[in-house]
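Please treat every number below as a calculation from the coordinates, not as lab data. Since the structure is predicted, the reported quantities are computational estimates derived from the model, not experimental observations. Every residue, glycine as well, gets a Cβ built from its backbone with ideal geometry; the counts of neighbours run over all protein chains shown.
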Amino acid sequence: MLKDLTVENFLNELASNSPAPGGGSIAALSASLAAALNSMVINLTVGKKAYNAYDESVKESITESLNKTLQLKEEFLNIMEEDTQVFLKVMDAFKMPKETEEEKKLRKQKIDEAYKLALDVPRKLSKKAFQLYDYLKVSVEYGNINAISDAGVAALLLQTAIESAVLNVKINLSSVEEEEIRNSIKNECKELVEQGRHFRDELLVIVENKIEN
């Protein structure tokens, strides 16, 4: 499994002539890295002097953010594996025999099924990654000031993950025959990217202000 590789071995596999892992897996990895950084910021916050001064509602918000972030980190890693497996299914479908009419029909069916999965996986990632902004905001607002730059890096990685996932959705949209559904997914992607950029920029302003002060 990709997540069991060393960093160096993972990068060597990524740099090879193998088409998988590719951009979809890296999108999921970026989201998982953002979640891991966010978890680090929260873990460096809990128990510190500033944290102890917060009221209970803020502490509960911080605890919830940590739990949700850790959960998402694992989900993103699973999606990284899933993305690679789905791409291999597409490749396998194209390699199916196509000599007879029956073979052609079965091959087309398997290609369509594989392309649908190849669309669904990054679409799922883009939506799940967007959820992390809620928990990242807690870190930016209440996190350890000495780790505030890490929260900023997490925001940058998170938006990279969202937009990377959206690119992988778009490249597989040709597999959707219904124009209405295709347009709906396009609008969904556009909204995720635009709202994500808004949240990223909003958080980075707070981060920059805290660094400068």
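Annotations
- Backbone N within region 130-165 under 15 Å of label point (7 Å from K48 Cα along the Cβ vector): 138-153
- Residues of the chain were split at every exposed loop site, defined as GluC sites (Glu not before Pro) in a DSSP loop with at most 13 other C-beta atoms within 10 angstrom, and the longest piece left, sites excluded, is 1-98.
- Estimated D of region 22-212 in µm² per second, where Rh is the Kirkwood radius over Cα pairs and Stokes-Einstein applies at 37 °C, 0.692 mPa s: 183
- Cβ-to-Cβ counts within 10 Å put M80, M96, M91, M40 in ascending order as M91, M96, M40, M80, the fewest first.
- Partners of K127 within straight-line reach, counting aspartates and glutamates whose Cα lies under 14 Å from its Cα and excluding those fewer than 8 residues away in the same chain: E75, E163, E188, E191, E194.
- Annotation: aspartates and glutamates with alpha-carbon distance below 16 angstrom to K48 (same-chain offsets under eight excluded): E56, E60, E141.
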